[in-house]
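Please treat every number below as a calculation from the coordinates, not as lab data. This is a predicted model, so every value here is computed, not measured. Every residue, glycine as well, gets a Cβ built from its backbone with ideal geometry; the counts of neighbours run over all protein chains shown.
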Amino acid sequence: MPPLLVTSGIHFGATASSKEEAVALCGSALQSLGAISKEYADAMWEREQIASSYLGNFVAMPHGTDESRKYVHFGQIVFIRFAQPFIWDDEEVKLCIGIAAQGDEHVEIIGNLADALLDEEKFEVLLATNDPEDVLTILNTSHTQ
Amino acid sequence: MPSISGTDIKLIVVACEAGMGSSVMVANQLAKQLKSSGIAVKHSPVNQLASMDADLILCHRGLSSRAREAVPEKVVITFDMFLGDPAIASVVSAIQSGGTISHE
C-alpha cells in the first residue's frame with residue numbers, strides 16, 4: 001500500500017473557479033492515483049452539499065460520505081493548492097486537502113494538518129512552497145508536546 | 001435539558017456526516033487539549049452515535065438536530081468552526097474546572 005500522501009498527490013498552481021470544480025479536481029487527483037473509483041468522487045460532491053467542508057483559514061477538506069468508503073481502494077490524501085483563490089460559499093479558498101479513507105488510517109495526518117493550520121510559520125510554507133518535500137515534511141510530522 | 005458535570009465525562013464523541021474529515025480534525029485537537037485529563041475522545045459518523053456510549057457529544061451546528069435525534073438523552077454541544085471554536089474551548093474549561101455542561 002502506498003503512503004497516505006505522495007509527491008504525485010501534491011499539486012501547486014491548480015485552477016478552479018467554484019467549489020464544484022475544486023471538489024472535482026480533488027476527486028480526479030485521488031482517482032488518478034488509483035485510490036478511489038468514480039463513485040467516491042461523486043460522493044465527495046454529494047457530501048459537500050450536505051455540509052461544507054470549508055475549515056477556515058482559506059482551507060477546505062473535501063471527502064466522501066461514510067457510505068462511499070467502499071469505493072476507496074486505499075487511503076490517500078491529496079494536497080491541491082490553487083494559483084488564484086476562489087469563492088467557496090462566502091469564503092476564499094486557496095488550498096484543498098482531499099481525503100479518501102477506508103478507516104482511520106488518515107487520522108494522524110489530519111491532526112498534523114490541524115497543527116499546521118494553527119501554526120503561522122508552517123501554514124505560510126504550505127501556502128507558498130514549490131517543493132513537495134516541504135508539504136510531505138509538515139504533514140507527516142507530528143509534534144505532540 | 002440534559003446536562004453533565006465535567007467530572008463525570010469519560011468519553012467525548014465528535015460527530016460529523018462521514019466521520020472522516022471534520023470530526024477527525026476536531027477530535028484530534030480536543031484530545032490534545034484534554035491529554036492530561038484521562039478523557040477519551042473519539043470521532044464518529046452522526047448515524048452511529050447511538051452505539052458509541054458517549055458522555056458528551058460535539059457536532060457541527062448543521063448536524064445538531066440529527067445528533068439530538070440519535071441520542072436525545074445526551075448532552076450535544078454544537079460548534080461552528082473546526083479550529084478554535086469558543087464552544088469547544090468552554091467544554092475544555094468546564095472539564096478542567098469540574099463545571100456543568102448543558103445544551104445552549
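Values computed for the structure shown
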| read-out | value |
| --- | --- |
| Distant-in-sequence amide H partners of residue A:55 (H built 1.01 Å from N, under 5 Å) | A:60, A:61 |
| Charge tally in the Cβ shell below 11 Å around residue B:27, where Lys, Arg are +1 and Asp, Glu are -1, residue B:27 excluded | +1 |
| Antiparallel %, DSSP beta bridges [both residues in the protein assembly as shown], to 5 | 40 percent |
| Label-reachable residues, segment B:1-40, where backbone N falls under 12 Å from a point 7 Å from residue B:102's Cα toward its Cβ | B:1-5 |
| Gyration tensor (alpha-carbon) shape descriptor, chain B, a/c threshold 1.5 | rounded |
| Inter-label distance, nm, simple model (7 Å from Cα along the C-beta direction), residue B:61/residue A:128 | 3.4 nm |
| Isotropic mean projected area of the C-alpha convex hull, the protein assembly as shown (nm²) | 12.6 nm² |
| Nonlocal amide H pairs with residue A:75, under 5 Å, H built at 1.01 Å | A:102 |
| Fraction of beta bridges assigned by DSSP in chain A that are antiparallel (%, nearest 5) | 65 percent |
| Straight-distance crosslink candidates among aspartates and glutamates, where the alpha carbon sits under 12 Å from residue A:122 and sequence neighbours closer than 8 are dropped | A:134 |
| Relative contact order (%) - segment B:3-102, alpha-carbon pairs under 8 angstrom, separation at least six | 36 percent |
| Residues A:106, A:63, A:73 arranged by fewest to most Cβ contacts within 10 Å | A:73, A:106, A:63 |
| Quarter of Cα convex hull surface for chain A, i.e. mean projection, nm² | 8.0 nm² |
